[in-house]
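Here it is, the structure in full.
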Amino acid sequence: DEEAYEVVAELPGVDRKNVKVTLEDGVLSLSGEKRAEETSKNGRVHLVERSYGAFERSFRLGDAVLADKVEARFRDGMLTVRIPKAPEAKPREIEVKE
């Protein structure tokens, strides 16, 4: 929106402790890891498998952001990162004079 960039990532099965958000030189990076989960029972076989692995995504935002005001929230498998724009990055209307 006009006030901030907002990035939303769906990360089902990922623990908040395994998510990392960084902002450096105008590039927002999201990374993390989903741990493997295996279950088996003796007797009759009961097996649960889930996919796992590391991920990383990067987005170039430009330099006109307020890096010290970035907020990241993780709830119910959804990561939301809000990056406020610096005043010079916000759109403004310029008056046309005669």
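List the residues whose amide H sits under 5 Å from the amide H of V65, counting only those 5 or more places along or on another chain, with H placed 1.01 Å from N in the peptide plane.
Those qualifying (amide H under 5 Å, at least 5 residues apart or on another chain) are A86.
Can you give the accessible area of E6 in Å² (nearest 10), computed on protein heavy atoms with a 1.4 Å probe?
Accessible area, nearest 10 Å²: 110 Å².
For Y5, enumerate residues with amide H under 5 Å from its amide H, sequence gap 5+ or separate chain, H modeled in the peptide plane.
I83, K85
Full extension from K69 to R82: what is 0.36 nm times the residue separation minus their Cα-Cα distance, to one decimal in nm?
Contour length minus Cα-Cα distance gives 3.8 nm.
Using the Karplus equation 6.51 cos²θ - 1.76 cosθ + 1.60 (θ = phi - 60°), what ³J(HN,Hα) coupling, rounded to whole Hz, does each residue of the range 8-14 give in order, writing x for Gly and Pro?
Working through the residues one at a time gives 10, 10, 8, 10, x, x, 8 Hz.
The values are calculated or read from the model by the stated rules, or taken from the named source; none is laboratory data. Since the structure is predicted, the reported quantities are computational estimates derived from the model, not experimental observations. Just the protein is used for accessible areas: all its heavy atoms, side chains included, with ligands, DNA and RNA removed. Shrake-Rupley method; radii C 1.70, N 1.55, O 1.52, S 1.80 Å.
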